[in-house]
1. Of the conditions (1) surrounded by fewer than 20 Cβ atoms within 10 Å (Cβ to Cβ); (2) more than 24 Å from Ala183 (Cα to Cα), Phe80 satisfies every one except a single condition; which number is it?
2. Could you grab me the full set of residues in region 218-261 that are surrounded by 15 or more Cβ atoms within 10 Å (Cβ to Cβ) and of a type in the set (D, E, K, R)?
3. Which of (1) modelled with pLDDT of 95 or more; (2) closer than 21 Å to Thr111 by Cβ is the odd one out, the single condition Cys136 does not satisfy?
4. Go through region 23-73 and count every residue that is surrounded by fewer than 17 Cβ atoms within 10 Å (Cβ to Cβ), closer than 16 Å to Leu86 by Cβ and in contact with a strand residue (DSSP E or B) (Cβ under 8 Å, 6 or more places away or on another chain).
5. Please work out which residue is nearest to Val8 (Cα to Cα), limiting yourself to region 154-176 and to residues that are buried (at least 24 other Cβ atoms within 10 Å of the Cβ) and of a type in the set (Val, Ile, Thr).
6. For region 143-187, give me each residue that is in contact with a Phe, Trp or Tyr (Cβ under 9 Å, 6 or more places away or on another chain), not in a loop (DSSP other than H, G, I, E, B) and not small (Gly, Ala, Ser).
7. Which number in (1) free of Cβ contacts under 8 Å to residues at least 24 places away in the same chain; (2) not in a helix (DSSP H, G or I) marks the one condition that Ile138 misses?
8. Which residues, counting only those in region 197-240, are of a type in the set (Val, Ile, Thr), farther than 22 Å from Glu4 by Cα and not in a loop (DSSP other than H, G, I, E, B)?
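The values are calculated or read from the model by the stated rules, or taken from the named source; none is laboratory data. Model, not experiment: these values are computed from the prediction. Neighbour counts are summed over all protein chains in view; Cβ atoms, including those assigned to glycine, are modelled from backbone coordinates with ideal geometry.
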Amino acid sequence: MGLENKTVIVTGGGSGIGRETALAFAKEGCNILIGDIDLDAARKVVGEIQEKEQAARAVQVDVSSESDVDLMVQTALEEFKKVDVLINNAGITQLPQSILDLPLESFQRVTDIDYKGVYLCSRRVGKEMIGQREGCVINISSIAGLISLPLVVYGPAKSAIIMLTKILATEWGRYNVRVNAIAPGYTLTPLLKNMIERGERDPKKLIERTPMGNLIEPVDIANAAIFLASAKARYITGVTLPVDGGFVADGGWEAYGGYER
């Protein structure tokens with residue numbers, strides 16, 4: 001895909017979608033910096049990459065902290081001299097609770113990580129990309145940012161990422177810096193698997209609601225990111241790409257009795 005020797009920062013790269021994305025870019029010959037609140041998890045992924053004789057570095061980062069984000073980017077610049085691709089993947093979710101019941105502490109934590117984190121990382125890396133007159137930012141949003149789900153903080157935060165993507169794509173296009181988003185559907189990450197085990201998500205109902213009849217694998221999100229970062233997507237900017245097996249497109253066909261899709 002023409003990504004050899006590119007430097008890629010992946011936030012939340014210690015597990016799930018972030019881990020798979022870091023490994024996928026490493027297979028393309030990229031230098032990888034993984035920023036994660038869990039340093040041990042990040043180091044484990046770095047070890048997997050280095051076993052394939054590809055350069056990688058782990059940094060502990062709380063993406064809601066401006067100083068942590070600055071340190072992460074400075075480390076990438078010192079190690080690899082530039083940043084070509086930023087994957088804003090770090091995020092947390094919430095319990096499906098009414099706005100009347102969700103603690104304000106949950107509101108603050110989710111918005112700090114899921115929106116403020118993307119904002120801070122994009123702003124810091126954007127300065128470098130504008131200076132070098134090229135770059136690619138990929139924000140990991142969610143189908144919860146596109147449709148109504150019982151997630152009164154997480155959903156709006158992911159919607160905010162979609163709008164930020166459009167704004168930055170418009171502002172930075174003149175500098176050859178592209179900004180896109182991916183909206184994963186229900187993806188079999190360790191987080192979702194734990195939710196299923198605890199009875200917080202019903203996989204049967206999710207699969208029935210998905211036209212393609214399967215849950216998403218983390219590698220499917222990683223493959224979409226590879227495409228968006230490559231020259232094959234050189235004139236794609238400001239878009240949000242759902243990778244969801246058709247979940248968003250369905251819209252509730254089951255309500256139309258007698259019509260089977």
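1. Result: Phe80 fails condition (1) only.
2. Asp220, Asp244, Asp250
3. Unmet condition: (2).
4. Number of matching residues: 1.
5. So the residue we want is Thr165.
6. Passing the criteria: Ile143, Pro156, Lys158, Ile161, Leu164, Arg178, Val179.
7. (1)
8. Ile207, Ile216, Thr240
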